[in-house]
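Asker: Attaching a single structure in structure tokens format; questions to follow.
The values are calculated or read from the model by the stated rules, or taken from the named source; none is laboratory data. Bear in mind that the values here come from a model prediction, so they are computed numbers and not experimental data. Here Cβ is always computed from backbone atoms with ideal geometry, including for glycine, and neighbour counts include all displayed protein chains.
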Amino acid sequence: MSNELIGARVLRKEDNRFITGKGRYTDDINLAGQTYACFVRSPHAHANIKGFHISAAENAPGVVAVLTGLQVLEDGLGGLPCGWMLHSKDGSEMKQPMHPIMAGEKVNYAGEPVAVVIADTYEQAKNAVEQVAVDYEVLQAVVDTSSAAEQADIYPDIPANTCYNWELGDAEATSQGLAEAAHITRIELINNRLIPNAMEPRAAIADYNTGTEELILYTTSQNPHLARLIFTAFVQIAPEHKLRVIAPDVGGGFGSKIFVYSEETTISWASKKIGRPIKWTAERSESFLTDAHGRDHHTMAELALDEEGNFLALNVKTTANMGAYLSTFASAVPTYLYGTLLAGQYRTPSIYVEVDAVFTNTAPVDAYRGAGRPEATYVLERLVEKAASELAIDPAELRRRNFIGKDQFPYQTPVALEYDIGDYEASLDKALEMSDYAGFASRKDASQRAGKLRGIGLSCYIEACGLAPSALAGSLGAGVGLWESGEIRVNPTGSVTVLTGSHSHGQGHETTFAQLVSAKLGIPIDDIDVVHGDTGKMDFGLGTYGSRSLAVGGSALSRAADKVIAKGTKIAAHLLQTDAENIEFDAGEFKVIDSNEGKTIQEIAFAAYVNHDFPIDELEPGLTEKAFYDPVNFTYPAGTHICEVEIDPDTGVTEITKFTAVDDFGTLINPMIVEGQVHGGLVQGIGQALLENCVYDTEGQLVTGSYMDYCMPRADDVPSFDVGMTCTPCTHNPVGAKGCGEAGAIGSPPAVMNAVLNALGQTDMDMPATSEKVWQAIQNAAASN
Amino acid sequence: MELTQRLEIPVSNQVVWDALNDPLILMQCLPGCQRFEATAENCFEMTVQAKVGPVKAVFKGEVMLTEMDPPRAYRISGQGQGGVAGFAKGGAQVSLVPAGTVAQPATLMTYVVIATVGGKLAQVGGRLINGAARKIAKQFFTEFVRIVCKQEAMDVVIETIQGEG
Amino acid sequence: MSETVNLIVNGQDKAVSCSANTTLSQLLREHLMLTGTHVGCDTSQCGACTVHVDGKAVKSCTILAVQVDGSEITTIEGIANQGEQHAMQAAFKECHGLQCGFCTPGMIMASIDLVQSGMDLTEPEIREGLEGNICRCTGYHNIVSAVASAGQKMREA
């Protein structure tokens, strides 16, 4: 694979439809005879349902059906499952409350659906929803993460509202390390709860055909095959061969569209009942209430160091909020995607982490861009920075002193992972240079003269991506293997249709995958189209999350391309009347070694379909190949982010004056797209650090339920970025790629907070560092001096 | 949200107390009240149209008078369901202290208003609830004073003791 | 309750019969099938629905169709000139100013108005000018580059 396309900034093939308004998102689709669904949602966070009054709504104009949670119970529909089984440290299985698609007897979070109204028009459905009355007996809500275990049980069979008490690492060795330490740095942190806010609200259209008994579901999914599997195997809506799930253009996901939700499941069930298509599109208010939220950890951590500042041991205790139910991958996020990352880039010999996962009367919490890895990085990088401050060691130097050296790979961490490759000093050095770290002191002086506070903060992150080696994931409780499929169809005239189980909802797969296949096969990129997001078209696939698409889905395509070349070689040998060993393939041409004879891949493709004289015992017609790629290890992208801020002490407003991100994503196919992924991730991380916060009041009411109260980063809240790359190619996949989708959101929050605290000369503050909080911190410090 | 306010009304304690127990007066004082009917002793059903921020809804619910200590104090509390808008709960602990003379009677009224909302009201109107509750309380007690004093255009001065005035 | 609204949409005369509470975004998406205009929120905060009403950027989710009776409406589908992309469209592609594409139509329509408003288009001005439009994917970095680049081309043209 030597081609100028690898590493080229190819403009995106998908852009033309998006910039001309010709994208096709779920809500853009309308079917003949379509009805509209609106949901009745609980206004209470925790209540018993005493009765439904639906006859007024049933008789309202245009109403086709009103279905409640009671009918879900009567029909015996299965609950929405969690796909990852965790075990507590005592060996017991995690507790999983039944998650009905609509509640019939009891509601457990504000916004939970209890009934659906289906009508001929959207307005009629919306009007009739107001006619549905539900009697509730309100119960005390459990809201706070850290005290949830001490409050009244939400579920009678789940004591102390606890899902599991999980542990990883060596408790004894860690205690030993702490006992021998010359210095221990301690920190207590809240990782603030976030709402994903993909710009396209979730939507679905379910279309049941009473003649064929087939159900087609258009939905905003990052992994349509997984949705189909859950509908069939767990909820039992329709058999898998009669169910086609299509995720057309999807307007962002960030994790929130991985999961199977109540609404698309309900309308699929309802479409079968009414025999007509049903459309549902979330209002933003519904997205706020019901999209799976992210983060929400309360953590205490301690880092033991010797006299020279070498890390001896790390002890972490975290309480993670699961919300009211376990969402599709919720259990894995604060455990195998969190505890395993606590070694970071460091040689810390002993690590022990305990995680208590608790249920509360809030929306379910699941993977959100980074999923567990931002939480781990945040704990570690805040702790390291605080240690540097306490020991008066330069924070870059303290990190460097503890890095795993580039000659120490493969490196087995004390928390289960084996890193295959990396060069952490290279990223650190490049970031220090790009950020002019050495010149910070003079910039700080200049700010001081202007009456401003300037600070600089680092974060050296690592993530485990390329989810996931199926054997390992399975041994840790994953319900499915996490391989990926890819298929390459070389058409008779030489154009190529690429089918992938990965799903693009902004990542640019239609371009990156086309580049990869073009580079492998020597076929012009304009002749290659990538198809994704339709279970009726491609083989089973696992979808897109955890920065896995190129590393796993791309590797499957790379393997499929190898098979195309192998098959093409046989065809070429037949046509050129030689042995396959005498054929070599290069840049789109099958050549007879040491001769001028050869056939282009286009000629071979044509021959593959139209030839009449294949020796059919040895050679089948056609040039379509597929591969299922199962990675042997995770990939380990890593890098250094450096944030510099200036704070106005009169207002508490933090301005990011410079943000430098240096990342090692292994081999890059399209650096333009990779940088775009970094930019987006950085702003989500900066949003978490400075602006965003999901707040429930003590009754479990979401008070940050619109863009008026949930502060999204806007163009004038953030700077432009300095993005740099280093490269140690992944050692175990054929592309050499590690994944780039989440790094920005993982590395940036601690860098921003470390910079803010550095400017303030303080060591403790929780995100988001709003201007009010920063101003208050300045006032408090002044008052105590 | 919690708000404590105080005002002086130039009529006797008993007159104020009687008015506080008169459903017709209560109905006239409650902004947007369309119905206020007694269902049992000290229990009423009401229908109120209210607006919090961008959410406007008709609330149907109950009002109860409890902790009766005539003519000194009671608690008026209510809750209403606003359909898809959510629900609102609120009330006031009202206490009366004689403040005037026999010739010029007056009553010092102190009340603590508590209000909470749920559902869509909390979601998009939550941060406005303080302002809305304050405004409703002000309208209620201003109208109340004007009715008991039988002066439609009377200036009513309300002093805030605790909470955002 | 049905009203007839007369509009010029992307250069074509349209007479649309709709109810009085139909928003402009609903009229465009549901009556005229111009689904390039997206609705991303219900509080007029995200800007995905931005179109031009008589040449000015307007959030079409918070204006009633009857309010724009007689106006000239331009949507994302109407800014290309005989198949040739508008400079702003081209710049968004050239600078990788979009990812999932959902906010893009509104972002492009707001950006065109921003350039036409005659501001200097320094980076801070572009950022301030776009604060009514939320993008969750790009981090704005490349959008700012795209607007600067298109702005220059639009002024030279």
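Rundown of residues vs (1) outside any loop (DSSP other than H, G, I, E, B); (2) among the charged types (D, E, K, R); (3) within 15 Å of the chain's Cα centre (by Cα); (4) surrounded by fewer than 24 Cβ atoms within 10 Å (Cβ to Cβ), yes/no style:
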site: A:Ser331; (1), (2), (3), (4): yes, no, yes, no
site: A:Pro334; (1), (2), (3), (4): no, no, yes, no
site: A:Leu337; (1), (2), (3), (4): no, no, yes, no
site: A:Thr340; (1), (2), (3), (4): yes, no, no, yes
site: A:Thr348; (1), (2), (3), (4): no, no, no, no
site: A:Val353; (1), (2), (3), (4): yes, no, no, no
site: A:Asn361; (1), (2), (3), (4): no, no, no, no
site: A:Arg369; (1), (2), (3), (4): no, yes, yes, no
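Asker: So which residues in segment A:285-315 are more than 30 Å from A:Gly405 (Cα to Cα), over 20 Å from the mean Cα position of the chain (by Cα) and surrounded by 22 or more Cβ atoms within 10 Å (Cβ to Cβ), if there are any at all?
Answerer: A:Glu286
Asker: Checking the conditions here, which among A:Gly687, A:Gly700, A:Gly705 is in contact with a Leu (Cβ under 9 Å, 6 or more places away or on another chain) and within 14 Å of chain B (Cβ to nearest Cβ)?
Answerer: A:Gly705
Asker: If you don't mind, there's one more thing I want to ask. Out of A:Ala661, A:Ala689, I need the residue that is within 26 Å of A:Ser447 (Cα to Cα), in contact with a strand residue (DSSP E or B) (Cβ under 6 Å, 6 or more places away or on another chain), buried (at least 24 other Cβ atoms within 10 Å of the Cβ) and among the small types (Gly, Ala, Ser). Which one?
Answerer: Criteria check complete, one pass: A:Ala661.
Asker: Considering each of C:Lys93, C:Lys153 in turn, give the residue that is at the interface with chain A (Cβ under 7 Å from one of its Cβ atoms), out of contact with any His (no Cβ under 7 Å at 6 or more places or on another chain) and assigned to a helix (DSSP H, G or I).
Answerer: C:Lys93
Asker: A further question on this structure: Considering only segment B:108-149, how many residues are away from chain A (no Cβ under 14 Å), assigned to a strand (DSSP E or B) and crowded, with 20+ Cβ neighbours inside 10 Å?
Answerer: The number of residues fulfilling the criteria is 3.
Asker: To continue, here is another question. So how many residues does segment A:661-676 have that are within 13 Å of chain C (Cβ to nearest Cβ) and either touching a helix residue (DSSP H, G or I) at 6+ places or on another chain (Cβ under 7 Å) or part of a loop (DSSP other than H, G, I, E, B) (or both)?
Answerer: Selection size over segment A:661-676: 4.
Asker: Name the helices (runs of 4 or more DSSP H) wholly inside segment A:1-119 in which the number of residues that are within 14 Å of chain C (Cβ to nearest Cβ) and under 28 Å from the mean Cα position of the chain (by Cα) is 2 or more.
Answerer: Here the list reads A:15-19.
Asker: Continuing with the same structure: Quickly run through segment A:219-253 and pick out the residues that are part of a loop (DSSP other than H, G, I, E, B), in contact with a helix residue (DSSP H, G or I) (Cβ under 7 Å, 6 or more places away or on another chain) and not small (Gly, Ala, Ser).
Answerer: Selection gives A:Thr220, A:Ile237, A:Pro239, A:Pro248.
Asker: Okay, moving on. Looking at (1) more than 18 Å from C:Ile76 (Cα to Cα); (2) modelled with pLDDT of 95 or more; (3) within 13 Å of chain A (Cβ to nearest Cβ), can you tell me which one C:His31 breaks?
Answerer: The failed condition is (1).
Asker: Let me ask another. Going by the conditions given, is A:Glu425 buried (at least 23 other Cβ atoms within 10 Å of the Cβ), touching a residue at least 12 places away in the same chain (Cβ under 8 Å) and of a type in the set (Asp, Glu)?
Answerer: When the stated conditions are applied, A:Glu425 does not pass them.
Asker: Let me ask another. Output yes when any residue across segment A:703-712 is under 28 Å from the mean Cα position of the chain (by Cα) and closer than 30 Å to A:Asn633 by Cβ, and no when none is.
Answerer: no
Asker: When the residues of segment A:187-203 are narrowed to those that are aliphatic (A, V, I, L, M) and in a strand (DSSP E or B), which ends up farthest from the other protein chains (Cβ to nearest Cβ)?
Answerer: Checking each candidate, the answer is A:Ile187.
Asker: Within segment C:102-125, can you find the residues that are touching a residue at least 24 places away in the same chain (Cβ under 8 Å) and more than 14 Å from the chain's Cα centre (by Cα)?
Answerer: Listed by number, the residues that qualify are C:Leu121, C:Glu123.
Asker: Within segment A:270-281, take every residue that is out of contact with any helix residue (DSSP H, G or I) (no Cβ under 7 Å at 6 or more places or on another chain) and farther than 12 Å from A:Leu215 by Cα and give me the one that is farthest from the other protein chains (Cβ to nearest Cβ).
Answerer: A:Ile274
Asker: When C:Ala80 is evaluated against the numbered criteria (1) more than 7 Å from chain A (Cβ to nearest Cβ); (2) surrounded by fewer than 22 Cβ atoms within 10 Å (Cβ to Cβ); (3) over 27 Å from A:Arg284 (Cβ atoms); (4) hydrophobic (A, V, I, L, M, F, W, C), which criterion, by number, is the only one it fails?
Answerer: (1)
Asker: Another one. Take the residues of segment A:708-724 that are more than 14 Å from chain B (Cβ to nearest Cβ), touching a residue at least 24 places away in the same chain (Cβ under 8 Å) and in a loop (DSSP other than H, G, I, E, B): which is farthest from C:Asn142 (Cα to Cα)?
Answerer: Per the stated criteria, the residue is A:Met712.
Asker: Further question on the same structure: Can you tell me which residue among A:Ala206, A:Ala128 is surrounded by 24 or more Cβ atoms within 10 Å (Cβ to Cβ) and either part of a loop (DSSP other than H, G, I, E, B) or more than 31 Å from the chain's Cα centre (by Cα) (or both)?
Answerer: Only one candidate passes the filter, namely A:Ala128.
Asker: Here's a follow-up. Restricting attention to segment A:525-540, does a residue exist that is at pLDDT below 95 and within 25 Å of A:Ala464 (Cα to Cα)?
Answerer: Yes, that holds for at least one residue.
Asker: Which of the strands (runs of 3 or more DSSP E) contained wholly in segment A:467-560 include at least 3 residues that are more than 14 Å from chain C (Cβ to nearest Cβ) and over 30 Å from A:Met199 (Cβ atoms)?
Answerer: A:484-490
Asker: For the structure I just gave you, tell me whether A:Leu303 is in contact with a strand residue (DSSP E or B) (Cβ under 7 Å, 6 or more places away or on another chain), over 20 Å from A:Val245 (Cβ atoms) and either within 14 Å of chain C (Cβ to nearest Cβ) or not polar (S, T, N, Q) (or both).
Answerer: yes
Asker: Let me ask another. Would you point out the residue of segment A:282-300, among those that are within 13 Å of chain C (Cβ to nearest Cβ) and of a type in the set (S, T, N, Q), that is farthest from A:Glu375 (Cα to Cα)?
Answerer: Once the filter is applied, the top-ranked residue is A:Ser285.
Asker: Regarding A:Thr731, is this residue β-branched (Val, Ile, Thr) and either buried (at least 24 other Cβ atoms within 10 Å of the Cβ) or more than 9 Å from every other protein chain (Cβ to nearest Cβ) (or both)?
Answerer: Answer is yes for this residue.
Asker: Here's another thing I want to ask about it. Of the residues C:Asp120, C:Asp113, which is in contact with a strand residue (DSSP E or B) (Cβ under 7 Å, 6 or more places away or on another chain) and either more than 23 Å from A:Phe254 (Cα to Cα) or surrounded by 24 or more Cβ atoms within 10 Å (Cβ to Cβ) (or both)?
Answerer: C:Asp113
Asker: If you scan segment A:559-579, which residues turn out to be surrounded by 24 or more Cβ atoms within 10 Å (Cβ to Cβ) and under 29 Å from the mean Cα position of the chain (by Cα)?
Answerer: Matches in segment A:559-579: A:Ala560, A:Ala561.
Asker: Given the residues A:Glu302, A:Glu307, A:Glu354, which is the only one that is among the charged types (D, E, K, R), out of contact with any helix residue (DSSP H, G or I) (no Cβ under 6 Å at 6 or more places or on another chain) and closer than 26 Å to A:Gly474 by Cβ?
Answerer: A:Glu354
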